[in-house]
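The values are calculated or read from the model by the stated rules, or taken from the named source; none is laboratory data. Owing to the predicted nature of the structure, the values given are computational and were not obtained by experimental measurement. Reconstructed Cβ throughout: ideal geometry from the backbone, glycine too, with neighbour counts over all protein chains shown.
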Amino acid sequence: MERRVAFFPPDHSPPKKHSGGKPRRGGVNRVDEIRREIAKEIAPGASDGGESALADASGAAGVDRHFVDEAIDLAWLAAGKTQPNPLVGAVVVKNGEVLGAGYHPRYGEDHAETVALERAGDAARGSTLYVTLEPCAHHGNTPPCVGQIIASGVSRVVVPTLDPDTRVNGRGIRTLRERGIRADVGAGAERALLLNLPYFKSKLGLGPAVTLKMAVTLDGKIASMPGRRDDITGEGSRRIAQRLRAIHEGVLVGIETVITDEPRLDCRLLDGVKAPSPVVIDPDLRFPAAHPWLADRRVFVVTVPHAPEDKAAVLADSGARVVRCDAKDRRIDPAAVVEALRRDGVTSLLVEGGARVFSSFVTNGAWDAMFVFVSPVLFGPEGVDLADRALERAGLAAVFAGASRAGDDAVLCYINRKTRDALVSRLC
Ligand SMILES: NC(=O)c1ccc[n+]([C@@H]2O[C@H](COP(=O)([O-])OP(=O)(O)OC[C@H]3O[C@@H](n4cnc5c(N)ncnc54)[C@H](OP(=O)(O)O)[C@@H]3O)[C@@H](O)[C@H]2O)c1
Ligand SMILES: [Zn+2]
């Protein structure tokens with residue numbers, strides 16, 4: 001099946017008063033509208049993501065992946081709003097037609113299955129329900145979704161993974177099967193793992209989730225020359241990057257990037273989402289004690305064991321948390337950084353560069369997911385390379401998880417093979 005997978009929806013934020021919740025009576029079905037936009041983005045020429053989008057699907061597995069991907073796209077709309085709950089999207093489909101779609105909009109509000117099934121109404125009888133996570137089987141803020149699925153008359157449920165939450169973990173699927181509903185697990189698993197990586201890793205006790213995010217030109221450069229700040233990607237990519245920030249508790253950069261780019265590292269394009277805590281790798285403690293982040297964010301400055309005491313004291317006085325980590329020849333061990341942050345309550349980390357920081361995390365295998373934004377420009381030989389030293393292909397151990405587009409940019413997504421295997425063996 002030749003199609004681009006939209007990991008992230010296009011530039012839509014759900015409307016404030018109707019953020020993915022119940023349909024307005026007589027009003028426009030906003031989620032269907034969004035779904036149609038997503039269909040246009042991923043399947044050019046498709047009428048509305050229905051039959052024609054599926055015409056070249058390679059059999060039933062391709063169809064399942066298609067609709068799981070649609071549900072994943074919807075789920076991303078709530079990035080940063082559902083913690084500690086996962087991001088979940090759902091699509092109700094019969095004869096290739098989408099009858100209802102929805103997502104869990106915010107912690108404490110309706111689950112995705114409820115929204116999608118309510119939209120489908122009686123037409124849900126005999127349909128297939130695609131959900132990005134195993135439906136819940138317990139009473140939380142809302143009644144268990146499996147009860148509503150059974151009552152709706154849905155005849156098949158497709159999920160990419162089980163829910164590691166011990167109150168659900170397999171019970172949702174078992175209950176559906178006991179009631180004669182066919183339930184299949186595994187379609188689109190890698191993409192679904194990227195959607196909720198911090199949630200999966202923490203529930204399974206597998207340590208903090210570490211995601212790498214880099215923007216590169218077509219010739220693999222991350223800046224047009226050393227010391228120059230460049231906008232490489234477009235607004236669509238920035239919105240996606242901010243969704244990534246929204247699902248992580250910390251966002252890490254090297255001191256050179258702080259000084260050169262003066263990045264804000266916030267989520268300003270998203271509505272009502274808290275920005276993660278900035279973490280700066282800074283062996284010589286050059287981080288400015290008057291940096292604006294210190295006014296209202298928890299800032300971590302990570303340095304080497306022998307960094308000057310007086311500078312550390314000035315930074316600590318201005319509100320920064322100075323963390324000393326083991327280092328070999330000034331090289332701080334990324335795994336030690338992740339562990340130190342975990343002890344301070346930061347259990348998921350987005351690493352945004354620059355080149356030396358990125359290389360350090362990749363060569364040490366200290367990453368779970370990687371999002372590379374590629375823009376169609378060339379910076380030429382003067383440009384700064386993505387990686388500051390040759391990265392051996394074998395050392396990367398990356399499994400391609402899909403690609404999407406954001407305006408003129410391509411977004412390439414990878415999951416670390418070890419992370420993938422550890423999660424798939426427990427959840428699929
Ligand atoms: N396109 C993008 O996505 C993107 C993102 C961020 C930044 N950038 C660009 O990248 C450039 C900056 O990259 P850069 O490589 O010069 O700097 P950097 O990675 O931002 O920071 C380098 C600093 O961090 C230290 N450092 C990095 N890893 C370390 C480790 N494991 N242990 C100890 N110290 C470590 C370095 O120490 P040493 O001095 O000992 O090496 C150096 O002081 C800028 O031009 C910026 O615009 C691009
Ligand atoms: Zn539920």
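Tell me, please, whether a residue that is in contact with a Gly (Cβ under 8 Å, 6 or more places away or on another chain), under 16 Å from PHE287 (Cβ atoms) and in contact (Cβ under 8 Å) with a residue 40 or more places away in the chain can be found in the stretch 315-334.
Looking for residues that are in contact with a Gly (Cβ under 8 Å, 6 or more places away or on another chain), under 16 Å from PHE287 (Cβ atoms) and in contact (Cβ under 8 Å) with a residue 40 or more places away in the chain, one finds none in the stretch 315-334, hence no.
Specify the residue that is surrounded by the most Cβ atoms within 10 Å (Cβ to Cβ); the eligible residues are those in the stretch 307-356 that are of a type outside the set (Gly, Ala, Ser) and in contact with a Cys (Cβ under 8 Å, 6 or more places away or on another chain).
Here the answer is VAL337.
Per-residue answers, yes or no, for (1) modelled with pLDDT under 95; (2) among the charged types (D, E, K, R); (3) crowded, with 19+ Cβ neighbours inside 10 Å:
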position	(1), (2), (3)
ARG106	no, yes, no
ALA124	no, no, yes
SER127	no, no, yes
ALA151	no, no, no
VAL157	no, no, yes
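Go over the candidates GLU134, GLU190, GLU113 one by one and state the one that is closer than 22 Å to ALA422 by Cα and surrounded by 23 or more Cβ atoms within 10 Å (Cβ to Cβ).
None of the other options fit; the residue is GLU134.
Has the stretch 294-301 got any residue that is farther than 20 Å from VAL322 by Cα and surrounded by 14 or more Cβ atoms within 10 Å (Cβ to Cβ)?
no
Tell me, please, whether a residue that is away from ligand 2 (no atom under 16 Å from the Cβ), closer than 23 Å to GLU235 by Cα and acidic (Asp, Glu) can be found in the stretch 246-253.
There is at least one residue in the stretch 246-253 that is away from ligand 2 (no atom under 16 Å from the Cβ), closer than 23 Å to GLU235 by Cα and acidic (Asp, Glu).
Take residues that are under 23 Å from LYS221 (Cα atoms) and tell me which of the strands (runs of 3 or more DSSP E) falling wholly in the stretch 252-358 contain 1 or more.
It comes to 277-281, 348-351.
How many residues does the stretch 260-293 contain that are buried (at least 17 other Cβ atoms within 10 Å of the Cβ), away from ligand 1 (no atom under 16 Å from the Cβ) and either of a type in the set (Ser, Thr, Tyr) or at pLDDT 95 or above (or both)?
Selection size over the stretch 260-293: 4.
Among what's in the stretch 141-175 and is within 21 Å of SER127 (Cβ to Cβ), touching a Lys or Arg at 6+ places or on another chain (Cβ under 8 Å) and not β-branched (Val, Ile, Thr), pick the residue that is nearest to ligand 1 (Cβ to nearest atom).
My answer is PRO160.
When you scan the stretch 220-252, how many residues do you find that are within 21 Å of PRO288 (Cβ to Cβ) and buried (at least 22 other Cβ atoms within 10 Å of the Cβ)?
4
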